[in-house]
Amino acid sequence: MIDSTPRPMILEDAYADGEDARHFQLRLVDPQATDLAAQPGQFFMLAVPGHGEAPFTYVRAPDAEGRFSALVRRTGQLTEALFELQIGSVLGYRGPLGRGWPHDLTGRHVLVIAGGCGLAPLAGLIDAARDNAARLQVIYGARHPGAQVLARERARWRLDLDYLETCDVASPGERSGSPVAHLDELLGQNIPDAVLCCGPEPLMLASAEHCLKRGVPAVHIWLSLERRMHCGAGLCGHCHIGASYACVDGPTYNYEQYLALTRAAGLYSTAQAIRHC
Ligand SMILES: Cc1cc2nc3c(=O)[nH]c(=O)nc-3n(C[C@H](O)[C@H](O)[C@H](O)COP(=O)(O)OP(=O)(O)OC[C@H]3O[C@@H](n4cnc5c(N)ncnc54)[C@H](O)[C@@H]3O)c2cc1C
Ligand code: FES
């Protein structure tokens, strides 16, 4: 039976981390009673008392003491309320939920493409892959420098990763344009074993199409799809992508799965996606 009871957690700390975004440090009150085995790319439901629940991804997955972190952009009622809370406030937690990024990246050449807040679900994966992938390349795009998130993590990655940043509107002398505009430079003659992409859907689709044309098989291109979610448990149907429920089967899908699901449901439009990127 699905356990839909939120577990209590404490808001331990929070700091500004990008335009209208805050990085929340959270701690589960009873880690022994909670499944702590969250994988990068999975998500949890966060409940703010009196304001309901919403899904968020882990930047840092829970440790043995139940401490983890999440990057939240202020968008509506629940996130407004969350931003107003005092340190020490009690929140609700359900997780880990959904399916994370593929696990079999050891010894592989991995290319990570992130846009905006889409860097958050990839942060744990980047930290794991830096230790066990044969080669890791990361490109992160944002609308402008102030919109970039995860400043502390990016400062660390800049030191010892093959890591590029680009902004739609960049400072003079900085790299500009969408990450897609820089993919050929990154790919060179070496085709990655896995491409992991998270950000606005037009960016993900344009990246996927570009990598596909360069010879990366669709099953090795992974996207994380954000859909409206209510139950987070495959019960309400709000998060459907064609015949699939993103809260259970996703939010990560490989591009072959994405094409099959959206084509079957008459939802697919890469041309439109690329026009907007
Ligand atoms: C699997 C998953 C992981 C997520 N991870 C994060 C995360 O790590 N950090 C983060 O800041 N946000 C994340 N989100 C989005 C977050 O759940 C929503 O922004 C949240 O519902 C906002 O709640 P609210 O009450 O503040 O705003 P609402 O009033 O619910 O929404 C404000 C506006 O955002 C739109 N919106 C809300 N949710 C979505 C959605 N899923 N897709 C498209 N538009 C939407 C609404 O239509 C409305 O226009 C994630 C969503 C999913 C599905
Ligand atoms: S959110 Fe209810 S089925 Fe996915």
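The values are calculated or read from the model by the stated rules, or taken from the named source; none is laboratory data. Worth saying up front: this structure is predicted, and the values here are computed from it rather than measured. Here the Cβ positions follow ideal geometry from the backbone for every residue, glycine too, while neighbour counts run over all protein chains shown. To get the accessible areas, we keep the full protein, side chains included, count just its heavy atoms, and leave off ligands, DNA and RNA. Shrake-Rupley method; radii C 1.70, N 1.55, O 1.52, S 1.80 Å.
Some notes on this structure:
- Any chance ARG130 is surrounded by fewer than 22 Cβ atoms within 10 Å (Cβ to Cβ), basic (Lys, Arg), touching a residue at least 40 places away in the same chain (Cβ under 8 Å) and more than 16 Å from ligand 1 (Cβ to nearest atom): no
- Within the range 133-149, considering residues that are open to solvent by less than 20 Å² (accessible area, probe 1.4 Å) and in a strand (DSSP E or B), the one farthest from CYS211 (Cα to Cα): ALA142
- When LEU111 is tested against (1) in a strand (DSSP E or B); (2) of a type outside the set (Val, Ile, Thr); (3) open to solvent by 20 Å² or more (accessible area, probe 1.4 Å), only condition (3) is not met.
- Any hit, the range 227-236, residues being touching a residue at least 24 places away in the same chain (Cβ under 8 Å), of a type outside the set (Lys, Arg) and away from ligand 1 (no atom under 16 Å from the Cβ): no
- For the range 211-266, the set of residues classified as aromatic (Phe, Trp, Tyr) and away from ligand 2 (no atom under 16 Å from the Cβ) consists of TRP222, TYR255, TYR258, listed by residue number.
- Pick from the range 45-68, criterion on the phi > 0 side of the Ramachandran plot and away from ligand 2 (no atom under 15 Å from the Cβ), ranking: surrounded by the fewest Cβ atoms within 10 Å (Cβ to Cβ): GLY50
Residue-wise test of (1) touching a Lys or Arg at 6+ places or on another chain (Cβ under 8 Å); (2) part of a helix (DSSP H, G or I).
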| residue | (1), (2) |
| --- | --- |
| THR166 | yes, no |
| VAL180 | no, yes |
| LEU203 | no, yes |
| GLU209 | no, yes |
| VAL219 | no, yes |
| TRP222 | no, no |
| HIS230 | no, no |
| GLY237 | no, no |
| ARG263 | no, yes |
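- Filter pass, SER89 being among the hydroxyl-bearing types (Ser, Thr, Tyr) and assigned by TED's automatic domain parsing to the domain that holds TYR253: no
- Any hit, the range 175-195, residues being within 16 Å of ligand 1 (Cβ to nearest atom) and open to solvent by less than 20 Å² (accessible area, probe 1.4 Å): no
- For ARG152, the conditions (1) closer than 27 Å to PHE43 by Cβ; (2) open to solvent by 60 Å² or more (accessible area, probe 1.4 Å); (3) modelled with pLDDT under 95 are fulfilled apart from (3).
- The set of residues in the range 216-256 that are crowded, with 16+ Cβ neighbours inside 10 Å, modelled with pLDDT of 90 or more and charged (D, E, K, R) contains only ASP249.
- GLY98 satisfies every condition listed in (1) buried (at least 22 other Cβ atoms within 10 Å of the Cβ); (2) within 16 Å of ligand 2 (Cβ to nearest atom); (3) on the phi < 0 side of the Ramachandran plot except (3).
- Flag if ARG73 is of a type in the set (Lys, Arg), in contact with an Asp or Glu (Cβ under 9 Å, 6 or more places away or on another chain) and surrounded by fewer than 21 Cβ atoms within 10 Å (Cβ to Cβ): yes
- Residues satisfying the stated conditions in the range 50-75, i.e. more than 22 Å from GLN148 (Cβ to Cβ) and in contact with a helix residue (DSSP H, G or I) (Cβ under 9 Å, 6 or more places away or on another chain): GLY50, HIS51, GLY52, GLU53, ALA54, ALA61, PRO62, ASP63, ALA64, GLU65, GLY66, ARG67
- Failed item in (1) open to solvent by less than 40 Å² (accessible area, probe 1.4 Å); (2) of a type in the set (A, V, I, L, M, F, W, C); (3) within 22 Å of GLY18 (Cα to Cα); (4) more than 16 Å from ligand 2 (Cβ to nearest atom), with ILE87 passing the rest: (1)
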